[in-house]
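The values are calculated or read from the model by the stated rules, or taken from the named source; none is laboratory data. Computed from a prediction, not measured in an experiment: that's the story for all the values here. Every residue, glycine as well, gets a Cβ built from its backbone with ideal geometry; the counts of neighbours run over all protein chains shown.
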Amino acid sequence: MQLELSIIQLITICAVANGFVFGFLVLEKRENRYANRFLSLTIICMCLTFTPYMLDPSIWHSHRWLAWLPFSLSYWIGPSFYFYVKTLTHSGFRFGPKQLWHFSPIVLNYLHSIYHLIYSGNHHPYHWFHFTAELLESMAIISILFYMMLSLGIINSYQRNLLENVSNTHKIDLQWAKHIVVVIVGSFAIILIFLVISSGISGMLFFDQWSEYRYAVLLLYACVLYWLSIHGYLQAQTVQFLPSEVPATVLPNDELAEVIRKLDLVMQEQKLFKNPELGLMDLSRTVGLPGRTISEAINSSLNKNFFQYINGYRVKEVQEKLKDPKNAHLKIMSLAYDSGFNSKASFNRVFKSSTGLTPKEYKMKNSS
């Protein structure tokens with residue numbers, strides 16, 4: 001048998017091979033060790049799910065016994081990624097027997113394969129069962145969409161908590177994971193719409209024109225798999241927040257103003273903002289006030305979050321240094337790092353948001 005592969009198939013095969021490698025590499029990482037178990041499972045499930053589609057269909061028709069192998073794991077992609085995000089962002093969460101039901105629908109994936117294993121070729125004596133099996137197998141798309149939307153909600157909540165607790169979010173904001181969710185939801189939604197439209201009057205959920213855009217789907221899949229594998233492997237240790245057991249309180253305006261005065265005094269005298277790792281708890285220990293009180297004062301009195309408050313001081317520090325002729329020979333990023341920023345992209349974004357100008361534009365405007 002002569003095996004012919006297109007360039008797209010070859011790219012996908014390489015992506016799957018690298019996916020298996022990354023799937024096991026992430027298990028060796030010290031950062032996010034527990035969460036990486038679910039990331040590894042997500043990557044491996046994606047690799048196995050698309051393995052049948054990247055090879056010639058004739059292989060699977062001539063070797064029906066392959067249907068018994070654990071290739072079709074699409075029902076596990078959604079929950080495994082969901083639990084990866086959940087363990088990344090929730091301190092103390094541990095997967096237990098109560099969560100096993102999330103992975104139970106895997107049996108639906110094998111109804112279609114077993115049917116074709118028993119009735120090979122085009123002979124389908126039980127059309128109703130064949131249709132039901134294909135329908136249930138296709139429902140995995142809805143499962144993926146559902147769990148991806150749950151993951152997106154967790155990421156959004158985590159990012160909001162970050163802005164209230166840390167002053168630099170570089171490498172820990174899970175923005176890459178959010179982008180992956182958006183791409184997967186968008187692409188799978190398009191596939192789902194096409195499946196429904198292509199079902200036509202006959203009501204068959206599988207589309208007849210799969211071969212026409214099969215390669216485009218494989219290429220998109222290969223890109224997402226590389227994206228997930230590489231960024232997942234590079235993911236830094238996330239910040240996990242314990243739920244507060246202290247009930248929220250509403251302080252009088254004069255007390256809030258006093259808190260802000262103390263914060264401003266400490267920031268101006270000790271320049272704590274120059275510490276790129278400064279967090280809410282660090283500031284709390286320095287001023288001797290509860291973190292919840294500090295957050296309430298910043299939110300209510302200044303209409304800002306902790307991230308905006310600290311980076312506001314950093315931007316002012318950079319502005320003063322850019323105006324000083326003594327710093328004309330220094331690079332802008334050198335001044336930014338000295339002021340507490342730890343990322344060029346974050347610095348440029350925060351600076352322009354605060355001043356309306358890019359750092360270069362601001363420097364040119366104030367040096368002329």
>> Just the residues that are of a type in the set (Gly, Ala, Ser), touching a Gly at 6+ places or on another chain (Cβ under 7 Å) and in contact (Cβ under 8 Å) with a residue 60 or more places away in the chain, please, taken from region 280-301.
In response: none
>> Based on this model, can you work out whether Ile298 counts as of a type in the set (Val, Ile, Thr) and within 29 Å of the chain's Cα centre (by Cα)?
In response: yes
> Since Glu320 meets every condition but one in (1) within 29 Å of the chain's Cα centre (by Cα); (2) surrounded by fewer than 17 Cβ atoms within 10 Å (Cβ to Cβ), which condition does it not meet?
Replying inline: (1)
> In region 314-333, what count of residues is obtained for those that are part of a loop (DSSP other than H, G, I, E, B), charged (D, E, K, R) and either touching a residue at least 24 places away in the same chain (Cβ under 8 Å) or more than 24 Å from Glu269 (Cα to Cα) (or both)?
Replying inline: 1
>> So, Arg292, is that one more than 24 Å from Asn342 (Cα to Cα) and either modelled with pLDDT under 95 or not assigned by TED's automatic domain parsing to the domain that holds Leu163 (or both) or not?
In response: yes
> Taking only pairs six or more apart or across chains, which ones have beta-carbon atoms under 9 Å, a first residue in region 340-368 that is more than 15 Å from Asn327 (Cβ to Cβ), and a second residue that is among the charged types (D, E, K, R) and not in a helix (DSSP H, G or I)?
Replying inline: Gly340/Lys271; Asn342/Lys171; Asn342/Glu277; Ser343/Lys171
> Across region 276-312, what is the number of residues that are within 19 Å of Lys171 (Cβ to Cβ), assigned to a helix (DSSP H, G or I) and among the hydrophobic types (A, V, I, L, M, F, W, C)?
Replying inline: 4
>> Just checking, does region 314-335 include any residue being within 28 Å of Val250 (Cα to Cα), outside the structural domain of Asn168 (by TED's automatic domain parsing), in contact with a Leu (Cβ under 8 Å, 6 or more places away or on another chain) and not polar (S, T, N, Q)?
In response: no
> Ile191: under 29 Å from Ala17 (Cα atoms), modelled with pLDDT under 75 and aliphatic (A, V, I, L, M), yes or no?
Replying inline: yes
